[in-house]
Amino acid sequence: MSTVTFQMNDKTIQAEKGTTLLKAARENGITIPSMCNSDKVKPYGACRLCMVEVTKGKRTRIVASCVYEAEEGIVVRTDTEEVRKIRRMIIELLWPTVTGLAKEYGVESSRFHPKTVDCNLCGLCVRYCTEVRKLDAVFFKGRGLDRELCILPELAKECSFCKECHSLCSGGWIVHQAGQTF
Ligand code: FES
């Protein structure tokens, strides 16, 4: 198996070719926030929380670390001002949904910090159901601000045997919705 050597913050890292920057970071004790990534499904690159700065030769750019594969000689910075600015913007985008619901339901703090209280549309359950279970029992409906997650009641029996998506859901929405659907 061939390997690549590169720099991440102050560490020199060696990783198998094909390893994503997010995986390499985790294996080396470097924290990069992520929401739509799980080892159980293929990388998706949806939430953009895992953005990092990559310098290759003279070129520096911001990439999603969950889909970008480690390359020989690159320099990766996981916590620059630019990276933090992007993460702050993503958190801002999520804020109205989360705080709006928190107000409506009288939630002032979370016992499950730092998890969210609602579906954050990360798509982990949808991808797991499609890629691994090949069922499509959980799916997205609508686009943009109208996008929502749905469960097919017709597949209740298969779902009650599986429930693998429950452990992937950071906000607990899927558990709540499954309870209402079946
Ligand atoms: S974890 Fe990389 S885009 Fe969501």
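Things worth noting here:
- Residue count for region 1-17, restricted to those that are in contact (Cβ under 8 Å) with a residue 40 or more places away in the chain and exposed (fewer than 14 other Cβ atoms within 10 Å of the Cβ): 2.
- Within region 73-129, considering residues that are modelled with pLDDT under 85 and of a type in the set (Asp, Glu), the one nearest to the chain's Cα centre (by Cα): Asp118
- Scanning region 58-106 for residues that are within 16 Å of the ligand (Cβ to nearest atom), free of Cβ contacts under 8 Å to residues at least 40 places away in the same chain, surrounded by 13 or more Cβ atoms within 10 Å (Cβ to Cβ) and part of a strand (DSSP E or B) returns Ile62, Ala64.
- Restricting region 18-35 to residues that are among the polar types (S, T, N, Q) and open to solvent by less than 40 Å² (accessible area, probe 1.4 Å) leaves a set whose member that is nearest to the ligand (Cβ to nearest atom) is Thr20.
- Given (1) on the phi > 0 side of the Ramachandran plot; (2) of a type in the set (S, T, N, Q); (3) within 14 Å of the ligand (Cβ to nearest atom), index of the condition Ser38 fails: (1)
- Within region 44-57, if we keep just the residues that are near the ligand (Cβ under 7 Å from one of its atoms) and either at negative phi or among the hydroxyl-bearing types (Ser, Thr, Tyr) (or both), the residue that is most open to solvent (accessible area, probe 1.4 Å) turns out to be Tyr44.
The values are calculated or read from the model by the stated rules, or taken from the named source; none is laboratory data. Keep in mind that this is a model prediction, so the values were computed, not measured. Neighbour counts run over all protein chains shown; Cβ positions are idealised from the backbone, glycine included. Side chains are part of the model used for accessible areas, which takes the heavy atoms of the whole protein and leaves out ligands, DNA and RNA. Shrake-Rupley method; radii C 1.70, N 1.55, O 1.52, S 1.80 Å.
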